[in-house]
Structure formats: C-alpha cells, structure tokens
Amino acid sequence: MPKDLRIGILGGTFDPIHFGHLSLARAAQERLNLDKIVFMPAFLPPHKMMRSTTDYALRYQMTSLAIKDEEDFLLSDLERQRGGQSFTYDTLQTFKEMCPACQLFFLTGADALKNLDKWYHWQEILDLAQLVVTNRPGFAFIMPEKIKDAAQKSRQGILLLSFDAEDISSTELRALIRTHGLWQSMVPEAVANFILSHHLYEGGD
Ligand code: ATP
Ligand code: MG
C-alpha cells in the first residue's frame, strides 16, 4: 500500500507573493513532514472585495516564478477554473475528491485567527483539513474561545506552528513600490524583475 500523501495547501492573494509566504511554506514542509506544498492563488478573494486585486494571470505568473526552483512546491489554478468567489471550503472539498488518499493541511498565518469564524463553512473546513496556523509578526497568536471550542469538536483540530516568520506583507510591499521605497529584498529576484517590467503597483493600492 502506498503511503498517504501529506499535502500542504497555501491559499493566498499573492499580490504579490513574497518571502513571508515562502518561509511559511518551507517551515510547514519541514516541521510537518509534508510531501508537497500547493500554492493556491485566490481567483476572487472573498475578504478582499474592497480593493481591486491585480489580474489573476499576473499573480499566478509571479507565484510560478517564486517557486520555480523548489521541487516540492506546486501551483494550482483550481480557484480560477472554478470561477466565482474563492472559498477555501470549496477548494478543500474539490481537492479531497481529486485525491481521496491525500491528507490535507491548510496553512495560514496568525491573521486568519481573528476572522476565521466568518469564513464560509469554517467549521467544516476543520474536518476537511488539518488547519495549521503560524505566527506572523504584528498579529496575535491567540485563538479566540469560539474557534478553540470548534477546533476541539472537529476531527483534526487546529495546529499552531511557531517558526522564524518574516515581517513582510503584500500590503506593505505595494506601498513601498508605490512610494519608491526599498522592497526588492522581500521577494525572489525573478518576481522583482516581473514587477518592474510590468510596472505593477506603481499607482493606486
Ligand atoms: P495582504 O497584505 O495583501 O493581505 P499578505 O502578505 O497577507 O497580503 P496573503 O496573500 O494575504 O499575503 O497571505 C496568504 C497567506 O500567507 C495567509 O494565510 C497569510 O496569513 C500568510 N502570510 C502572509 N505573509 C506572512 C508572513 N510574513 N508570515 C506568516 N504568514 C504570512
Ligand atoms: Mg493577507
């Protein structure tokens, strides 16, 4: 019998992808002994409807460039194929149907904890995948009671993973690019070149 595949899924807007995402993925892979990490750019991020995100195709290409040298990092366009709002619940369910033998780990930073209970079918998410929450500079690493209760009742609970996280966010990066600050060391070189050649984030938010 082949062993079950342990798959980490890192969902994100990746607008743009940065070293904070990559170090999270590496830490999770090592510490949880994951076979693969799937980067899953959101097609229409439900919680980011207030701001227009960069075209999916551009975010997808940047993610592809960022992981090109990492053998165990994969890129999925599942959320574009499905279209509409990108709900994690739908994505995990589809993934589980595509790979029933896969053991899924959904990876997020600590900022997810404060509004996890607003996510579509959030309690069912805890049954579909092992939710892994990592520390992130600037965000409390504390689980609200309501979420703690649901985690205790769920099949797999929530795993808190502490690692040497980087103090980077895409919001800060976009602001630095717009204001001609120093940002290039926060992303892989190929991503920086892509941003420059496509004149991304030079105006607006
Ligand atoms: P934005 O500022 O636009 O929200 P972001 O930097 O938070 O961008 P996202 O694409 O929203 O990036 O994040 C995808 C996932 O990666 C989320 O689960 C988020 O918590 C996590 N993440 C992002 N940056 C870090 C970081 N520096 N350390 C740990 N986790 C991170
Ligand atoms: Mg974010």
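Taking amide hydrogens as placed 1.01 Å from N in the peptide plane, the amide H of residue 12 sits under 5 Å from those of 40, 42, each at least 5 positions away in sequence or on another chain.
Each peptide in 172-178, 135-141 was scored by the mean count of other Cβ atoms within 10 Å over its residues; highest first, the order is 172-178, 135-141.
Taking the Kirkwood radius as Rh and the Cα radius of gyration as Rg, region 29-151 has a ratio of Rg/Rh equal to 0.94.
Taking amide H atoms as placed 1.01 Å from N in the peptide plane, the amide H of residue 109 lies under 5 Å from those of 134, each 5 or more residues away in sequence or on another chain.
Note on region 140-205: Rg/Rh from C-alpha atoms, Kirkwood Rh, equals 1.21.
Leaving out ligands, DNA and RNA, what percent of the accessible area of the chain is carbon and sulfur, probe 1.4 Å?
Working: 5470 of 10560 Å².
It is 52 percent, rounded to a whole number.
Accessible surface area normalised per residue over the chain is 51 Å², counting heavy atoms of protein chains with a 1.4 Å rolling probe. Over region 18-79, the reciprocal of the mean inverse Cα-Cα separation, the Kirkwood hydrodynamic radius, stands at 12.7 Å.
If you take the alpha carbon radius of gyration of the chain and divide it by 2.2 N^0.38 Å, what ratio comes out, to two decimals? Intermediate results must be reported in sequence, preceding the final value.
On the way: Rg = 16.6 Å, N = 205, 2.2 N^0.38 = 16.6 Å.
Taking the Cα Rg and dividing by 2.2 N^0.38 Å, one obtains 1.00.
Reducing region 55-88 and region 153-197 to their Cα centroids gives an inter-centroid distance of 15 Å. Along the axis of the charge dipole computed for region 6-168 (Cβ charges of +1 for Lys and Arg, -1 for Asp and Glu, origin at the Cα centre), the listed residues 20, 42, 125 are led at the positive end by 125.
Below 8 Å between Cα atoms, with a sequence gap of 6+, how large is the relative contact order for region 43-156 in percent? Mind dumping the intermediate values first?
Working: 106 pairs, mean separation 26.8, N = 114.
Here the relative contact order equals 23 percent.
The values are calculated or read from the model by the stated rules, or taken from the named source; none is laboratory data. Everything numeric in this text was worked out from a predicted model, so none of it was measured. Don't worry about glycine lacking a Cβ; one is built from the backbone with ideal geometry, like all the others, and counts go over all protein chains shown. Heavy atoms of the whole protein, side chains included, go into the accessibility calculation; ligands, DNA and RNA do not. Shrake-Rupley method; radii C 1.70, N 1.55, O 1.52, S 1.80 Å.
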